[in-house]
1. Among the residues in the stretch 110-117, are any open to solvent by less than 70 Å² (accessible area, probe 1.4 Å), on the phi > 0 side of the Ramachandran plot and not in a helix (DSSP H, G or I)?
2. Please determine, by comparing only the residues of the stretch 143-168 that are of a type in the set (Lys, Arg) and in a loop (DSSP other than H, G, I, E, B), which one is least open to solvent (accessible area, probe 1.4 Å).
3. How about the stretch 534-551: which of its residues are at pLDDT 95 or above and in a loop (DSSP other than H, G, I, E, B)?
4. For the stretch 447-489, give me every one of the strands (runs of 3 or more DSSP E) that falls completely inside it and has 2 or more residues that are closer than 17 Å to residue 524 by Cβ.
5. Do we find that residue 565 is in a strand (DSSP E or B), in the same structural domain as residue 515 (by the TED database) and small (Gly, Ala, Ser) in this structure?
6. May I ask you to list pairs of residues, at least six apart or on different chains, whose Cβ atoms are under 8 Å apart, with the first in the stretch 632-643 being open to solvent by less than 100 Å² (accessible area, probe 1.4 Å) and the second being assigned to a helix (DSSP H, G or I)?
7. Of all residues in the stretch 187-242, which are free of Cβ contacts under 8 Å to residues at least 60 places away in the same chain, over 22 Å from residue 170 (Cβ atoms) and either crowded, with 16+ Cβ neighbours inside 10 Å or among the hydroxyl-bearing types (Ser, Thr, Tyr) (or both)?
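The values are calculated or read from the model by the stated rules, or taken from the named source; none is laboratory data. This is a predicted model, so every value here is computed, not measured. Using ideal geometry, Cβ is built from the backbone for each residue, glycine included, and neighbour counts are taken over all protein chains shown. The protein model used for the area step is the full one, side chains on, heavy atoms only, and it has no ligands, DNA or RNA in it. Shrake-Rupley method; radii C 1.70, N 1.55, O 1.52, S 1.80 Å.
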Amino acid sequence: MGDVMVLNDIEATAARIGIDISQLDLDSIRLPPGENFGIISDDEDIYQEENSELDSGFGNIIVVDNLPVVPKEKYEKLENVVRKIYSQIGLIKDDGFWMPLDPETQKTLGYCFIEYNTPQEAELAKEKTHGYKLDRSHIFAVNMFDDFDRFMKVPDQWAPPESNPYKPGENLQQWLTDEKARDQLVIRAGSDTEVLWNDARHLKPEPVYKRAFWTESFVQWSPLGTYLATIHRQGAAVWGGASTFNRLMRYAHPQVRLIDFSPGEKYLVTYSSHEPSNPRDANRVVINIFDVRTGKVMRDFKGTPDDFAIGGTGGVAGVSWPVFKWAGGKDDKYFARMGKNVISVYETETFSLVDKKSMKVENVMDFSWSPTDPILALFVPELGGGNQPARVSLVQIPNKEELRQKNLFSVSDCKMYWQSNGEYLAVKVDRYTKTKKSTYTGFELFRIKERDIPIEVLELENKNDKIIAFAWEPKGHRFAVIHCDNTSSNNNPRPDVSFYSMRSGHNTGRVSKLTTLKGKQANALFWSPSGRFIILAGLKGFNGQLEFYNVDELETMATAEHFMATDIEWDPTGRYVATAVTSVHEMENGFNIWSFNGKLLYRILKDHFFQFLWRPRPPSFLTPEKEEEIAKNLKKYSKKYEAEDQDVSMFLSEQDREKRRMLKEEWEKWVAEWKRLHEEDKLERQKLREGEASDEEEEYEAKDIEVEEILDVSEEVVSFED
């Protein structure tokens, strides 16, 4: 592939040759036939498929049957009704609607032809509207126009179909079998997207796959690491494979802007917002849920941004994202969204509401699923001016049984945090003081797996402290809190970090504080996926301060800095951690790879650095007993890897020795060349020294010679007064 200039290079070249690029109409530029200047379009195969389909028949035309038979005077009204239904799915071509009339009766014949721009839109229209009930007497029967030609060619005599031999598909988890037990990562910088191995032993990344213009906005791994998703104008695509990245499936959704996978990777949710043709109308939001493997649309949702603006933590154009939250686990059985005074829970067997109706929850403000069980946690604020308290409820799905409820009084705000195993739920509650002039924070801690779900209350020792960050230890019983006294009497702006355990040496049913670290430059917490280790990070105002802390030993392992770091992410195994500076900052873009205990392993600088993502790993198939056995016999298993580490260390040492040897040879070569030139100039030096042959400085006598030179003479008459 030829070299591709990024925008900065284009602008620099234009300035050098005196062209004002802002005055160019880029849309009017046409490349010579067959020339792509090294930029291979992702859409070439789409265009080829479209052209082949159009050449072979009428793949973009559908036939809609079982329409009402109406006289000529009602023709236009029926056409408008049908057009309104089918224009929601795709763009109907100009003159792409034809509903024939009976020449004798001047009535419609009960069917019509609709021509879309693409075969994909026609297929989607058939899939979405076949069986559509216009009224009690008219249920649409929709077929592809090409199907009629195929049906006419059915032979009179039945013949058994040819049986093709089974061909096993690619092992999409092949990367997990890496002999070096390395993890993969994806980065985006400039126009390039690269997948790399993290080869920490050799202190550098190893390339796997690189492609320019692979995506038009961002890339995203699926939750179990099977797929890499890319975003394009026509929709989304997923990539994967045993040895490289092949496109496995496309999902047609024009102008898609956001995507979200279900936890088990069975479904992909896509989002788009379309500008209305009438400026007075609201944007039109389209959300599709695809089957990841087949690419089939399982359910779609349409509406205005206001219809999807409730719930979620981020998004675009007023829409909170993700709109739908998935129940935990690999089954992908339920997903839910929050509306005004309702929680709508859907099941994926039929993609319809559980019990055919939404749950009515007056003034519900937030909800979240347990990461492992079909349990919803709901938060409802105070009502009636405080007469009706706020509450947090746990609801079992699908029977919608309330498992536990906790009333909360004088509540200003509330946020819920699930522990990754679903064993605990922490509810951070901001409460008003009696004067209502300030707030203080406490925690309601739910023990989900214990009988009757007991709840403990935890309040910070200093009621003036505000919570800056909270994080559970993955798969563990501990949590960390960053808190700081924000009152004017506090002269120390650095916050404290406290660690707590849901277990106690004396009483396993009581929360206990482990330690408090005073005055830390930290405002974010990043636990290792395997627990035990945590990074206390100072981002933004703290300029990338890092403290690697061992919670088992309650000791700091290392302190470091990645100046202006914007992102921190542990690898899935908890062995390495990446810190990155993205293009939010113009300087020092790139990423660093650290060991779990804070040793900087290597650094990669990349201009216009946009994204860094570790490839997730699926859960281990090992039982907890087997993992415990491996942990006990770790020394036996580690001998193999220690030997490999020693080999790599020797190899790196040999590389260093070879590098030093080459530098020494280069130096000796330079000295020899200098001596040769010195010898060649010997006669010239003798001549300059009036015949003296020696180059030894000590054989010469140094004399200082003063030379006086008059530069200027001026006369001035000075008068003397008596």
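1. So far as the stretch 110-117 goes, yes, one or more of its residues are open to solvent by less than 70 Å² (accessible area, probe 1.4 Å), on the phi > 0 side of the Ramachandran plot and not in a helix (DSSP H, G or I).
2. Within the stretch 143-168, the subset of a type in the set (Lys, Arg) is 150, 153, 167.
Still in the running and in a loop (DSSP other than H, G, I, E, B): 153, 167.
Numbers: 153: 144, 167: 164 Å².
Among residues in the stretch 143-168 that are of a type in the set (Lys, Arg) and in a loop (DSSP other than H, G, I, E, B), the one least open to solvent (accessible area, probe 1.4 Å) is 153.
3. 551
4. On the way: elements: 455-459, 465-472, 478-485.
So the answer is 465-472, 478-485.
5. Details: in a strand (DSSP E or B): no; in the same structural domain as residue 515 (by the TED database): yes; small (Gly, Ala, Ser): yes.
Answer is no for this residue.
6. From the stretch 632-643, the pairs are 637/630.
7. If the condition is that a residue be free of Cβ contacts under 8 Å to residues at least 60 places away in the same chain, over 22 Å from residue 170 (Cβ atoms) and either crowded, with 16+ Cβ neighbours inside 10 Å or among the hydroxyl-bearing types (Ser, Thr, Tyr) (or both), then 192, 199, 217, 231, 235 are the ones that fit.
Condition check ((1) among the small types (Gly, Ala, Ser); (2) within 24 Å of residue 261 (Cβ to Cβ); (3) out of contact with any Ser or Thr (no Cβ under 8 Å at 6 or more places or on another chain)) across all residues:
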{"position": "341", "(1), (2), (3)": "no, no, yes"}
{"position": "344", "(1), (2), (3)": "yes, yes, no"}
{"position": "347", "(1), (2), (3)": "no, yes, yes"}
{"position": "360", "(1), (2), (3)": "no, no, yes"}
{"position": "377", "(1), (2), (3)": "yes, yes, no"}
{"position": "381", "(1), (2), (3)": "no, no, yes"}
{"position": "391", "(1), (2), (3)": "no, no, yes"}
{"position": "400", "(1), (2), (3)": "no, no, yes"}
{"position": "419", "(1), (2), (3)": "no, yes, yes"}
